[in-house]
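Q: Can you keep this structure in mind? I'll have questions shortly.
The values are calculated or read from the model by the stated rules, or taken from the named source; none is laboratory data. Remember, it's a predicted structure, so these values are computed and weren't measured experimentally. Please note: Cβ atoms are built from the backbone with ideal geometry, for glycine as well, and neighbour counts cover all protein chains shown. The protein model used for the area step is the full one, side chains on, heavy atoms only, and it has no ligands, DNA or RNA in it. Shrake-Rupley method; radii C 1.70, N 1.55, O 1.52, S 1.80 Å.
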There are 2 protein chains.
Amino acid sequence: MSAVVVVHGGACAMPEDLAKASVDGVKAAARQGSSVLKGGGSALDAVEAAVRAMEDNPVFNAGHGAVLNADGEVELDSIIMDGRTLASGAVAAVKNIANPVSLARTVMEKTSHVILTGRGANLFAESIGMATVPTDELVTEYERKEAHDTVGAVAVDSDGNVACATSTGGIRNKMVGRVGDCPIIGSGAYADNLSGAVSCTGHGESILKVTLARLILSHVEQGKSLADSSQLSLQYMGERVHGAGGAIVVSPSGQWAATFSTERMSWAAVDQDVLWYGLDPKEKLNEKLGQ
Amino acid sequence: MSAVVVVHGGACAMPEDLAKASVDGVKAAARQGSSVLKGGGSALDAVEAAVRAMEDNPVFNAGHGAVLNADGEVELDSIIMDGRTLASGAVAAVKNIANPVSLARTVMEKTSHVILTGRGANLFAESIGMATVPTDELVTEYERKEAHDTVGAVAVDSDGNVACATSTGGIRNKMVGRVGDCPIIGSGAYADNLSGAVSCTGHGESILKVTLARLILSHVEQGKSLADSSQLSLQYMGERVHGAGGAIVVSPSGQWAATFSTERMSWAAVDQDVLWYGLDPKEKLNEKLGQ
């Protein structure tokens, strides 16, 4: 079967001047994830690579480009999950780390824990020799624009294994230590080889209240399509807790969907040799990738 | 309809010398929660009161009685959730707070956030004037006994509103900043007036992998009984990720169950004027409460 990667750059009302940079960024990240899959990498490798690409791109609110909290600090959240074993790793409110998704993966692979927060996450990064970057370097000119949100990726590899990853700087002016949906298993992300992999974006507190990633996969488990499952869940979130958001989903058989109830969500997917992408509702453009 | 409260004092292999104290503790906490309900309090008030009673009791690993992490510190986690609105509040890796469940409730009621971690949770406690207690005071002689675990409570009030709360000191010798299932919505706890309220205990990382609280309620939503839903979910957790645990559940119509796959779980419930309680599998004792 064919391997697929889907990424999002955040669901929000994106101003025109950032829109093109955001779409270019998700397209590049999807290509990055796809190269990993084509080179024989696992779904887990692909989502890590795709999210790293967006963490390194200052247009997105994750890694470089993150927003400041109420104390003028950058606190980052990330999660990664392996659908084969349900293993996951997450870091929350971690500082001065350029690629929180890779720290989250190391939590998953090198500790007996699932979530490390705050100072503990930084102590762990130090113990494994992960480089730190000054806060100034993570903050960019984009910080001042109310535009960006969580980034994420889902993938299925040629063995039918699924994985997901999500990363964010959270919301501007958040309280110190505030953690949203992003690093929370079942809310910001979930991956299970028995159903699929999801990464969410949008109003974090609303996503938490309905555990959006698990909600979408519950509908998938009941036999609904990925797009219907996502739409039903986002509609429920709007009605029950008045929150908007978006989600990308991939199934073990290579189906995929990118759905949102916000004004816009930048997303891109590579399925076989076609790069699909969009920003506005119902927009689904494509380009043939060179061999 | 009749109001019900159910509490647990943790699922684990409990040594004989702690067993009686633990059962006495959950019975007292259930009575406490029941008094609140009988006095006209909400399900939310009842679960907070019941969990506070166990946080104040040094026999349980929550508040007074918590275990130490790898740095010799006490880091506490707690969550509370209101089934009417799906609102919830949680604190993770917070220090020097005697009743983390009440801090979690204040996060829910006084901030726009859901989860506050580490130093941020302590800054918030300070900002609302919540008293701190020295670490020494939280640690007791019981710390040295590998016995106790998360505590939790679920309740339904006479209006059919459900709520849950969970609180813990985590696992002994945990890494700094480690957060388990306890404060994670959908894993350690979940409450929804459309299905029921759950509080979980057991191997935290396994509970997170299967988002146990949501898994149990998914079965309830499919029409299964509370006991069957809990048993199926715990069995699945054992098979898929090799973890054991326990859960208490109430439904909006006043049904309830206390179920576990560990050797023991201390639990108690007040349903009408009867106090039910147990510790070993299939044990279900009762006492008539005085009027």
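Q: Of all residues being over 19 Å from A:Gly169 (Cβ atoms) and surrounded by fewer than 19 Cβ atoms within 10 Å (Cβ to Cβ) in segment A:117-133, which is farthest from the other protein chains (Cβ to nearest Cβ)? Just the residue, please.
A: For segment A:117-133, the residue satisfying everything is A:Gly129.
Q: Here's a follow-up. Please state which one of B:Thr111, B:Thr168, B:Thr140 is touching a Phe, Trp or Tyr at 6+ places or on another chain (Cβ under 8 Å) and among the hydroxyl-bearing types (Ser, Thr, Tyr).
A: So the residue among B:Thr111, B:Thr168, B:Thr140 that is touching a Phe, Trp or Tyr at 6+ places or on another chain (Cβ under 8 Å) and among the hydroxyl-bearing types (Ser, Thr, Tyr) is B:Thr111.
Q: Look through B:Ala227, B:Ala213, B:Ala257, B:Ala247 and report the one residue that is within 19 Å of B:Ala19 (Cα to Cα) and in contact (Cβ under 8 Å) with a residue 12 or more places away in the chain.
A: None of the others qualify; the one that does is B:Ala247.
Q: Shifting gears a bit: Being open to solvent by 10 Å² or more (accessible area, probe 1.4 Å) and under 11 Å from the mean Cα position of the chain (by Cα) is the filter here, so list the residues in segment B:172-188 that pass it.
A: Result: no residue meets the conditions.
Q: Only one of these is out of contact with any Cys (no Cβ under 6 Å at 6 or more places or on another chain), open to solvent by 20 Å² or more (accessible area, probe 1.4 Å), at pLDDT below 95 and over 18 Å from B:Leu138 (Cα atoms): B:Asp17, B:Asp71, B:Asp45. Name it.
A: B:Asp17
This table checks each residue for (1) crowded, with 24+ Cβ neighbours inside 10 Å; (2) closer than 27 Å to B:Ile80 by Cβ; (3) within 12 Å of chain B (Cβ to nearest Cβ).
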| site | (1), (2), (3) |
| --- | --- |
| A:Val151 | yes, no, no |
| A:Val162 | yes, no, no |
| A:Gly170 | yes, yes, yes |
| A:Tyr190 | yes, yes, yes |
| A:Ser218 | no, yes, yes |
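Q: Then there is this: Can you run down the residue pairs with Cβ atoms below 6 Å, 6 or more apart or on separate chains, where the first is in segment A:95-109 and at positive phi and without any contact (Cβ under 8 Å) to a residue 60 or more places away in the chain and the partner is in a loop (DSSP other than H, G, I, E, B) and open to solvent by 20 Å² or more (accessible area, probe 1.4 Å)?
A: Taking only residues 6 or more apart or on different chains, the pairs are A:Asn96/A:Thr132; A:Asn96/A:Val133.
Q: State all residues of segment A:3-21 that are touching a strand residue (DSSP E or B) at 6+ places or on another chain (Cβ under 7 Å) and over 12 Å from A:Ser266 (Cα atoms); if no residue qualifies, say none.
A: A:Ala3, A:Val4, A:Val5
Q: Sticking with this one: Identify the residue in segment A:196-216 that is open to solvent by 10 Å² or more (accessible area, probe 1.4 Å) and more than 9 Å from chain B (Cβ to nearest Cβ) and, among all such residues, is nearest to the chain's Cα centre (by Cα).
A: Restricting to residues being open to solvent by 10 Å² or more (accessible area, probe 1.4 Å) and more than 9 Å from chain B (Cβ to nearest Cβ), the top hit is A:Gly202.
Q: Here's a follow-up. Of the conditions (1) part of a loop (DSSP other than H, G, I, E, B); (2) at pLDDT below 95, B:Ser158 satisfies every one except a single condition; which number is it?
A: (2)
Q: If you don't mind, there's one more thing I want to ask. Can you pull out every residue in segment B:239-255 that is among the hydrophobic types (A, V, I, L, M, F, W, C) and crowded, with 22+ Cβ neighbours inside 10 Å?
A: B:Ala247, B:Ile248, B:Val249, B:Val250
Q: Hey, another quick one. Mind telling me which of the residues B:Glu73, B:Glu109, B:Glu55 ends up being under 22 Å from B:Leu123 (Cα atoms) and in contact with a strand residue (DSSP E or B) (Cβ under 6 Å, 6 or more places away or on another chain)?
A: B:Glu55
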